[in-house]
Amino acid sequence: MLRQLKLVQSCPWAHNASALGQYRYPPPQCPAPLLPLPPPLCPLPPPMLPQMPPSLPLHALPQPPLSSALCCLRLPHPAAPHPSPPHREQLRGCCNASAKLVLTRDNTPLGSQIVYDGEPAKKYPVKEELLEMLPQVSPFQGAPYECCAVVGNGGILRNSSCGPEIDRAQFVISRGKEGSAFRGLSRWRRPFAEAVGTYGAPLLLIPAFSFAAYTAVSSQALYTLEDFGSPARAVFMNPEYLAGLDGHWRSRGLRVNRLSSGFMLVSAALELCQHLTLYGFWPFPTDPEGQPLSHHYYDNQPPKPGFHAMPDEFTRYLGMHLQGALRLHLGLFPVTAA
């Protein structure tokens, strides 16, 4: 019997749910650690690249250009996965995604106040009406999951042939564009419910309490799914978890205006997953071979200037790949004969 759970997480700057994921039980076989890849299209990697610490600033990456150095990253195997990566233990100590990633009745006492992580001066009182929307316990109590994939929306994902490999993961979190047309739900309730329904029974993970402007539309999303009998469920990201996550990475040198939603999801997946692969995370205008790329795989809309620090975040992904905490996939996925 196949049971599906999909995860949807909204972009922090948009009033909608716009990322998709999938959990399958019983789990399929994990993919091979790293399938053979074509011969290198660039020079051999610089000698010091494998020793690069995760805190190394982007400007300190080897030259000539970054794209040339990183071209070779997809050729060697990452370090052997650590049985208990330090990143996982550190994140559990500060944040505890399995229990605190979403608001539940267990972690949200009646009469308390929710502090918006993006607007700390604003608070939302916890009343019975809110508690009725929340699950009793976290939907991630089954963690850690064996094989996971986090799929970004970078232009490098277009025509990459990564789909079959992604589908083999036990748990998939994918940031997509599907919710971008629904800026509000006062008129387009049925189209929203139908669009979400095309993904089976997703779990919509929405940052309802990151900014005050998101709260009403997030509640509308939850009620819309209920009103139209959708198998999907909406849950709200816990701003206390997100604030703790921000503090964790700031204490390790990643000081940005706001972590991107992709980085938030990767951080959560580091806790929730034993083996993690990233796809579609590449914040540069050209691919590793120097060919131009769109910013997203579905459009070329640039991010809001100064809001996120995608290259700095990518440096962390790179460091964790080289440490064996995750696998960072870049470029085309090799197509093998049937």
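Of all the criteria given as (1) more than 22 Å from HIS329 (Cβ to Cβ); (2) open to solvent by less than 10 Å² (accessible area, probe 1.4 Å); (3) not in a helix (DSSP H, G or I), the one not satisfied by ARG255 is (2). In the stretch 219-248, of all residues being free of Cβ contacts under 8 Å to residues at least 60 places away in the same chain and open to solvent by less than 10 Å² (accessible area, probe 1.4 Å), the one that is farthest from LEU276 (Cα to Cα) corresponds to THR224.
Close Cβ contacts (under 6 Å, 6 or more residues apart or on different chains) running from residues in the stretch 144-163 that are surrounded by 17 or more Cβ atoms within 10 Å (Cβ to Cβ) to residues that are hydroxyl-bearing (Ser, Thr, Tyr) comprise ALA149/THR277; VAL151/SER174; VAL151/TYR279; ASN153/TYR297; GLY155/SER294; GLY155/TYR297; LEU157/TYR297; CYS162/TYR279.
Matching residues to (1) out of contact with any Gly (no Cβ under 7 Å at 6 or more places or on another chain); (2) of a type in the set (Lys, Arg); (3) open to solvent by 20 Å² or more (accessible area, probe 1.4 Å); (4) not in a loop (DSSP other than H, G, I, E, B):
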site	(1), (2), (3), (4)
LEU276	yes, no, no, yes
TRP282	no, no, no, no
GLU289	yes, no, yes, no
SER294	no, no, yes, no
ASP299	yes, no, yes, no
PRO302	yes, no, yes, no
HIS308	yes, no, yes, no
PRO311	yes, no, yes, yes
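Which of the residues that make up the stretch 226-241 are part of a strand (DSSP E or B) and among the aromatic types (Phe, Trp, Tyr)? Spell out how you get there, then give the answer.
Initial filter on the stretch 226-241 (part of a strand (DSSP E or B)): 233-237.
Of everything in the stretch 226-241, just one residue is part of a strand (DSSP E or B) and among the aromatic types (Phe, Trp, Tyr), namely PHE236.
Filtering the stretch 315-332 for residues that are modelled with pLDDT under 90, of a type in the set (A, V, I, L, M, F, W, C) and under 18 Å from the mean Cα position of the chain (by Cα) leaves a non-empty set.
The values are calculated or read from the model by the stated rules, or taken from the named source; none is laboratory data. Predicted model, so just to flag it, every value in this text is computed and none were measured. So basically every Cβ, Gly included, is an ideal-geometry build from the backbone, and we count neighbours across all protein chains shown. Keep in mind that these areas ignore ligands, DNA and RNA; they rest on the heavy atoms of the full protein, side chains included. Shrake-Rupley method; radii C 1.70, N 1.55, O 1.52, S 1.80 Å.
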